[in-house]
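The values are calculated or read from the model by the stated rules, or taken from the named source; none is laboratory data. This structure is a prediction, so every number in the text was calculated from the model and none was measured. Positions of Cβ are generated from backbone atoms using ideal geometry, with glycine treated the same way; all protein chains shown enter the neighbour counts. Heavy atoms of the whole protein, side chains included, go into the accessibility calculation; ligands, DNA and RNA do not. Shrake-Rupley method; radii C 1.70, N 1.55, O 1.52, S 1.80 Å.
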Amino acid sequence: MSDLTRPGMTQDDISLLLKDEITDAIAFIDGTDWIAGERKQNLDFYRGDMADYLPYAKNTSGVIDTVVTDYIDMMLPDLIRPFTIGRVVGEYEAREGYEEIIGDITAFVNNVVFRKDNKGELIVYNWFKDALIQKVGLVETYWEQKAETKERTFDGLDELQLAMAVMKFGEQAITNYSQGPQGHSITISQQVNVSCVRIDNFPPEEFIISRNARTQEDAVWRGRRTPKRVGDLLAAGYPKDVVDELPDWTPDSPSISSADPRYRDRSTVSKADPMMREVVIHKGILKCDARGRGIEEYFVIAGGDASGVKILEFEPYHCQVVFADLCPKPMPHSFWGNCPADDLCPIQMVNTAIQRQAMNNLYYSQTPQRVVVQDAILFPDQLSSMAPNQSILVKAGFSNPVTALITPFMGTAGVEMMQFFDQRAEQRAGVSRASTGLDPDQLANQSATSAALAWSASVGRRDLIARLFAWGGVRKLFRGILKILVKYQDFERIVSHSGKSMRVDPRQWAELEDLDVTVTTGLGSGHRDRDVAFLSQIYSVQKEMLMTMGPTPIVDFAKIVRTLQAGVEAAGLSNPEGFFGSVPEGWAPQMPEQPDPKMAKV
């Protein structure tokens, strides 16, 4: 831990500032129905758990409408597809004189860091889904320092080969040696550096940010509140007396409702092994004037809660962690925005109530209650049987001993009301069954113009959300990855890209760590057929220009190949280079020799 002395702030000053910011932020997030309350309701409604919001009496309908689930699941594919349709998600901006290096950076980050070191497509799915349901989706990016022990065995070595192996690996690397008639046999054990950038999608309720923050960048405190085991903290070198004082971990907003059968109130204190006790840990970025030189950003790892904060690590911020946030419906001048689930939950509540009433009405109309003259019934047990044509034996002399109380069926009005609210749900979500091709009957009753307008309106809303995601969180993610690579990867790495070996050493990228990123979002959020048709038109125009004018800065063979590769990607096929390879730099086709005009005349 850094030694903090005046001028500036003492360690107690920093602990007090951090405690106040964390306590105030948690009180704001969990103390208002607007954030924590709506997030919990959205998640419960998506899972179909409405027991706490719309209970029902015994022997009545408990049906649950699935508006939130239906529309969120319809929105996700069209939002995810533009980001994952091609090989490049984030393309780093060009800079004169660095074209080849920036091309290597783009290829390495997209194909190795994003897809191989991390499950990029799965991260995008969870990240976007969190944003659509819980207002904000978040990922944490950091450098994971890690080494693996790998063993290799060499058999049948002669004296010279054995000596060369010892010289190359060192005697300390040899863990097993034997000699037989076929020669020497040795086993080499080596520590291999497998450190890499990690991208972690985490529950939004774990993110804590200052109450008055408008963006991440202007927040006094932003960090992640998570559980850590005592044994892991001691293994990391933190002092035992400080770790033992940290309070037990208790989630503020459980991601699973208490009514869910998967929920259980688990104790975080292990009686069998105290090292397994889980404690509260805050990891994030704090703005303060710790060194008396003006407000700076510091990376902080601390434990504790409202009762007090113990700082475990405090150092200047150099991208030790990067948080990237997504919000589908940002609110101006506030970090917290809205999401489609906020708008759909009230409709699910109304539709559920209407469906239950309609179902109860159907039950009552088909199995009506009866007025019975008790003394007239010979066998009362027959009244409990509702089998068709079941006879009820009565005594003679009684007029109308059993009379049915007819309940008229009014379910038609409920169906009309549900259709009205379904239209409202389509307007709020910006997606409809007609626009996604899920309702052929509705499409059959629409004119081509009205269907096209409905499709364009729904695509426009999804396209706006996709662009907000691209401009915001996804761009932050790729910029953060580059900064972390330049700062922490201090070794060369050999990776495979497009069937070729590629040497990557981010230490050579120091001048490029502030590169901006253009996040490619495909051709929009339309259908594949539309994208392929549009690319075909582009290819036809490029081909005509190339045949007419030859290669020019406007159109050349590289651009033609890129259009063909984009067509392969739009068709949903991976590895477009397997169909159309890239044009080598400086390559030009050999044009056939033109015949001599005189000889042609002869």
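Can you put 116, 129 in order of accessible area, largest first, using a 1.4 Å probe?
Descending order: 116, 129.
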Query raised in the report: By per-residue mean of other Cβ atoms within 10 Å, what is the highest-first order of 53-62, 295-304?
Result: 295-304, 53-62
Query raised in the report: Using the alpha-carbon centroid of each, what span in Å lies between segment 289-326 and segment 32-103?
Result: 30
Query raised in the report: Once the whole set of protein chains is in place, how much accessible area is left on residue 468, using a 1.4 Å probe, in Å² to the nearest 10?
Result: 50
**Report entry** J(HN,Hα) series, segment 347-357, from Karplus relation 6.51 cos²θ - 1.76 cosθ + 1.60, nearest Hz, glycine and proline x
**Finding:** 5, 5, 4, 5, 4, 5, 4, 5, 4, 5, 5
Query - Amide hydrogen neighbours beyond the local backbone of residue 394, cut-off 5 Å, H modeled - result: 378
Query raised in the report: Can you run phi through the Karplus equation (6.51, -1.76, 1.60; θ = phi - 60°) for segment 142-151 and list ³J(HN,Hα) in whole Hz, with x for Gly and Pro?
Result: 7, 8, 9, 7, 8, 9, 10, 8, 10, 10
Query - Solvent accessible area, Å² - residue 317, 1.4 Å probe, full protein context - result: 50
Requested in this report: Calculate the dipole size of segment 136-195 relative to its Cα centre from +1 charges on Lys and Arg beta carbons and -1 charges on Asp and Glu beta carbons; express the result in debye to the nearest 20.
Outcome: 60
Query raised in the report: Applying the Karplus parametrisation 6.51 cos²θ - 1.76 cosθ + 1.60 with θ = phi - 60° to the phi angles of segment 317-329, what ³J(HN,Hα) value in whole Hz is obtained for each residue in order, glycine and proline being reported as x?
Result: 7, 9, 6, 4, 8, 10, 9, 10, 10, 10, 9, x, 9
Query raised in the report: Roughly how much of residue 345 is accessible, in Å² to the nearest 10, using a 1.4 Å probe?
Result: 0
**Report entry** Shape metrics for segment 185-240, restricted to C-alpha atoms - Rg then Dmax, Å
**Finding:** 19.0, 67
Query raised in the report: Under a 1.4 angstrom probe, counting protein chains only, how are 318, 282, 333, 497 ranked by accessible area, largest first?
Result: 333, 318, 497, 282
